[in-house]
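Taken together, the values in this text are just the output of simple stated rules run on the coordinates, not laboratory data. This one's a predicted model, so the numbers in the text were calculated from it and none came from an experiment. Every residue, glycine among them, receives a Cβ derived from its backbone with ideal geometry; neighbour counts consider all protein chains shown.
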Amino acid sequence: MEPPASPGATDWPRIFRALADGGPDVEMSARGLRPAVPSAEVAGPPPTGTTPPGVLNLNAYLMYTTGRAARRGLTEALAPHGLRLWHLTVLTMLADIGPRSKGDLAFRLDMNPSDLARTVRDLDEAGHVACTRDPADRRRIEVALTPAGSSVLSRLNDEVASIDEDLLAPLDEAERAQFAALLRRVHGRLGPAGDGTPGR
């Protein structure tokens, strides 16, 4: 189980991982990363005024539509950089914990190893990560963030913060801290795959 985020801190790796769980969505062209194309799946929630009051009492619905809006914002921010949510998740994880093997990354992100391999390949081809084989174990491939990858991640930080700011605009600073704390408590009860199974 991953250590809890410090109070008030935004746990971006967990957020990106949860948003990306809609599917790795890593279809790319042979020559490089293909910008994401917004689809009906990531369309925003209907205006509150058109939503039946009873539906607004369903917390699961509110979390779903809010998460979908966040996913749409991130998708639109990443598209000009030729990145998608799983790419950003892996880059953020590497920036947080340093070089890791593909197997360790897949485990930490609760990601299918073949999907992780495709995501890393895309990032490697774009120059955002470097992959090296362990001399002691040729089957083990270590993935590390490159200066170019660190640079693009740094440029994205302001855009991600802007999305967060826009999403939480109705809340003041104290409410945002409380909201984040409550989300962490709910998330902490979920299983590794976020499927509702109580966490260890």
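For the reader, a short list of remarks on this structure follows.
- Scan segment 96-119 for residues that are of a type in the set (Ser, Thr, Tyr), free of Cβ contacts under 8 Å to residues at least 60 places away in the same chain and touching a Ser or Thr at 6+ places or on another chain (Cβ under 9 Å) and the total you get is 0.
- Positions within segment 121-133 being of a type in the set (D, E, K, R) and under 22 Å from Phe107 (Cα atoms), in sequence order: Arg121, Asp122, Asp124, Arg133
- Pairs, first farther than 21 Å from Phe107 by Cβ and in contact (Cβ under 8 Å) with a residue 40 or more places away in the chain in segment 134-162, second polar (S, T, N, Q) and assigned to a helix (DSSP H, G or I), C-beta under 8 Å, six or more apart: Leu153/Thr92
- Matching residues in segment 96-115 - criterion: being touching a strand residue (DSSP E or B) at 6+ places or on another chain (Cβ under 6 Å) and among the small types (Gly, Ala, Ser): Ser101
- Filtering segment 120-151 to residues that are touching a Ser or Thr at 6+ places or on another chain (Cβ under 8 Å) and either among the aliphatic types (A, V, I, L, M) or under 18 Å from His81 (Cα atoms) (or both) leaves Gly127, His128, Val129, Ala130, Ile141, Val143, Ala144.
- Scope segment 99-114; condition in contact with a Leu (Cβ under 8 Å, 6 or more places away or on another chain) and either of a type in the set (Ser, Thr, Tyr) or outside any helix (DSSP H, G or I) (or both); matching residues: Pro99, Arg100, Leu109, Met111
Residue by residue, here is whether (1) in contact with a helix residue (DSSP H, G or I) (Cβ under 8 Å, 6 or more places away or on another chain); (2) assigned to a strand (DSSP E or B) holds:
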position: Leu94; (1), (2): yes, no
position: Leu116; (1), (2): yes, no
position: Leu123; (1), (2): yes, no
position: Arg139; (1), (2): no, yes
position: Ser154; (1), (2): no, no
position: Asp158; (1), (2): no, no
position: Ala169; (1), (2): no, no
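- Residue, surrounded by the fewest Cβ atoms within 10 Å (Cβ to Cβ), within segment 140-155, restricted to residues that are among the small types (Gly, Ala, Ser) and more than 14 Å from Val120 (Cα to Cα): Ser154
- Considering Asp137, Asp122, Asp158, the condition of being of a type outside the set (Phe, Trp, Tyr) and buried (at least 16 other Cβ atoms within 10 Å of the Cβ) is satisfied by Asp122 alone.
- Looking only at residues of segment 163-186 that are touching a residue at least 24 places away in the same chain (Cβ under 8 Å) and within 19 Å of Thr75 (Cβ to Cβ), we find that the one that is surrounded by the fewest Cβ atoms within 10 Å (Cβ to Cβ) is Asp166.
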